[in-house]
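Got a structure here, written out as structure tokens. Questions coming.
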Amino acid sequence: MDNFNSADLKTILHSKRANMYYLEHCRVMQKDGRVLYLTEGKKENLYYNIPIANTTVILLGTGTSITQAAMRMLAQAGVLVGFSGGGGTPLFMANEQEQPIEWLTPQSEYRPTEYLQGWLSFWFDDEKRLQAAKHIQQARIQFIEQVWAKDRDLKAEGFTTKDESIQSALVTFHQRTEAAEKPADLLLTEAQLTKRLYKFAANNTNMEGFTRQHQTAQFGTDKANDFLNHGNYLAYGLAASCLWVLGIPHGFAVMHGKSRRGALVFDIADLVKDAIVLPWAFICAKENASEQEFRQQILQVFTDHKALDFMFDTVKSMALQEVSIQGRQDS
């Protein structure tokens, strides 16, 4: 440990890292220069290695503890840590449900400044901030079209943008997004699209009478809602990791409220939630998958479709003004 160099753990770019962990009923610790989690068996204790150099986020669920030495190594490797309840929800390092999330981020000041400076160059202008929000919403739809056109498993389950109801919903979304005059208009348009997507997914998976509930009484009583909540938190973890690496504070939101702490995490997570989390939550619920099976499926699909890469590319292009974020010109 005396010769430990944190730079050795950062050879894998965050956008290329493959692992996210949800752990419960275990102890996370440092041992022999590695981060491990220890589970207690009937006859023996079992140690499992966590490859922190290839990990973005760790969620610690029910019955977990973590040592200071382990936190030190996780921070040096740039791994975000959050504490949650059973099944990954609710996230205790946050305010009330649907409020901004506050991840335990590594406290490194040696991060790039160009992205924050670029972000702030438009953030204080109401009109430019609105244009940035529109760009995120349009990118969100592009990702849906990209993923649903490419993913054979989703196609086999009937998730395709060629469906007439989806095409109509997307056309309406594009039109209303372009016509929006304030963030509240975008939020309303987003809610209307998501409602249409829920209905489409429920019909595809024969779940009549589905109603979205952001809080369920007990995990397992409504698997579709449980999986939606769980998958969304995983997307929030990716978004928080992306913003931390680029050095952009979570409070500089463009859509979910510029005065809400952490709201930018929601903005960026929106890029991938509808394309990946939404359909697989319904598919896995239909198949009566376990929480672990759903989580493994979501994490694999995140990797297959390079969800974190997409977040990085979108945020970087906005911060560096590689996309047009212009306010209205006075005549």
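A short reminder: the numbers here are calculations on the coordinates, not readings from a lab. Not measured: the values here are computed from a predicted model. Cβ coordinates were reconstructed from backbone atoms using ideal geometry, including for glycine residues, and neighbour counts include every protein chain displayed.
Sort out which residues of segment 138-175 are in contact with a His (Cβ under 9 Å, 6 or more places away or on another chain) and not aliphatic (A, V, I, L, M), and write them in order of number. Please lay out each step first, then the result.
Quick first cut of segment 138-175, residues in contact with a His (Cβ under 9 Å, 6 or more places away or on another chain) only: 138, 141, 143, 146-147, 150-151.
Selection gives Q138, F143, Q146, K150, D151.
Just for helices (runs of 4 or more DSSP H) wholly inside segment 273-330: which have at least 1 residues that are more than 23 Å from M20 (Cβ to Cβ) and without any contact (Cβ under 8 Å) to a residue 60 or more places away in the chain?
Where helices (runs of 4 or more DSSP H) fall fully within segment 273-330 and carry at least 1 residues being more than 23 Å from M20 (Cβ to Cβ) and without any contact (Cβ under 8 Å) to a residue 60 or more places away in the chain, they are 307-319.
Considering segment 58-86 alone, what residues qualify as being buried (at least 18 other Cβ atoms within 10 Å of the Cβ) and either of a type in the set (D, E) or at positive phi (or both)?
Of everything in segment 58-86, just one residue is buried (at least 18 other Cβ atoms within 10 Å of the Cβ) and either of a type in the set (D, E) or at positive phi (or both), namely G78.
Table: residues versus (1) under 30 Å from D226 (Cα atoms); (2) in contact with an Asp or Glu (Cβ under 8 Å, 6 or more places away or on another chain); (3) in contact (Cβ under 8 Å) with a residue 60 or more places away in the chain.
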residue: S15; (1), (2), (3): yes, yes, yes
residue: M20; (1), (2), (3): yes, no, yes
residue: L23; (1), (2), (3): yes, no, no
residue: R27; (1), (2), (3): yes, no, no
residue: T39; (1), (2), (3): yes, no, no
residue: Y47; (1), (2), (3): yes, no, no
residue: G63; (1), (2), (3): yes, yes, no
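Answer with yes or no whether R152 is surrounded by fewer than 19 Cβ atoms within 10 Å (Cβ to Cβ), farther than 28 Å from R196 by Cα and out of contact with any strand residue (DSSP E or B) (no Cβ under 8 Å at 6 or more places or on another chain).
Spelling it out, it is not the case that R152 is surrounded by fewer than 19 Cβ atoms within 10 Å (Cβ to Cβ), farther than 28 Å from R196 by Cα and out of contact with any strand residue (DSSP E or B) (no Cβ under 8 Å at 6 or more places or on another chain).
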